[in-house]
Amino acid sequence: HLGHKGMAQGVRNFQDEYYHDEFIIDSWNSIVKSKKDLTIIPGDITLETPKHYHLLDRLNGRKIVGLGNHDLHQHVRLLLNHVESVFGVWKYKGYIISHVPLHPKEITKYRANIHGHLHHGRVLDENGNEDSKFVNVCAEVIGYRPVTLEEILMIRQRKRMLNEEIG
């Protein structure tokens, strides 16, 4: 949600959208160092405008973007000037990556569904526990910085252990 005042100030409690965007860029670049590093962004680059796409050029590494509900299809050509590619749903190393969490029946053959969209929300299983087959990687959940696949595995393991303690 680059350049989005309501998200920056309302949901994420930054003083303004400029500070929000600069914090994300600095946090990103503190993790992603190499031009060869690949980062997958599961959508909502901006709020239905290409006006802030240029900020993507300041993020280190290669970027692939999953289109979110606020990423308009008519802007894809402009977005492709700043990222390597875009996708709707992408399969990667046994995971399925999407903007919106997929239906549980759609992910049975995958390790997990890595997704965004929910901000602080969680996907719950039939017992009301957080479902370890879903990993929310919204910026505010992961500390406004990219996470590695290894970190995602640790997040899933913590969820499983918590569910075992509760169950």
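The values are calculated or read from the model by the stated rules, or taken from the named source; none is laboratory data. Source: prediction; values computed, not measured. All Cβ positions, glycine included, derive from the backbone under ideal geometry; neighbour counts span all protein chains shown. Accessible surface is based on the protein model in full, side chains and every heavy atom, while ligands, DNA and RNA are left aside. Shrake-Rupley method; radii C 1.70, N 1.55, O 1.52, S 1.80 Å.
Dividing the mean sequence gap of close Cα pairs (under 8 Å, 6+ apart) by how many residues the chain holds gives a relative contact order of 17 percent. Spread over its residues, the convex hull of the C-alpha atoms of segment 112-167 is 75 Å³ per residue. Axis of helix 17-31 versus longest Cα principal axis of the chain: the two differ by about 70°, to the nearest ten degrees. With Cα atoms as the point set, the chain shows a radius of gyration and Dmax of 15.9, 48 Å.
Once backbone amide H atoms are built at 1.01 Å from N, PHE134 has ASN113 as its partners under 5 Å, excluding neighbours fewer than 5 places away on the same chain. With the convex hull constructed from alpha-carbon coordinates only, segment 1-78 shows a mean projected area of 5.0 nm² over all directions. Return the percentage of antiparallel bridges among DSSP beta bridges fully within the chain, rounded to the nearest 5 %. DSSP beta bridges in the chain are roughly 30 percent antiparallel.
In this view, the solvent-accessible surface of GLU106, computed with a 1.4 Å probe and all protein chains in place, comes to about 120 Å².
What is the list of residues in segment 1-16 whose amide nitrogen lies under 15 Å from a point 7 angstrom out from the Cα of HIS54, following Cα to Cβ? Flagged as within label range: 3.
For GLU126 and GLU165, a Förster radius of 22 Å and the Cβ-Cβ distance give a FRET efficiency of 0.80, rounded to the nearest 0.05. Extension gain for the segment ASN13 to THR148, taken as residue separation times 0.36 nm less the Cα-Cα distance, is 46.1 nm to one decimal.
Longest stretch of the chain clear of exposed loop sites (trypsin sites (Lys or Arg not before Pro), DSSP loop, at most 10 other Cβ atoms within 10 Å, sites excluded): 110-167.
Modelled spin-label separation between GLN74 and LYS33, with each label point placed 7 Å from Cα along the Cα-to-Cβ direction: 4.4 nm.
If I take every Cα pair under 8 Å that is 6 or more residues apart in segment 83-167, average their sequence separation and divide by the length, what percent do I get for the relative contact order?
Relative contact order for segment 83-167 comes out at 20 percent.
Taking the longest Cα principal axis of the chain as reference, the axis of helix 149-166 is set at about 40 degrees.
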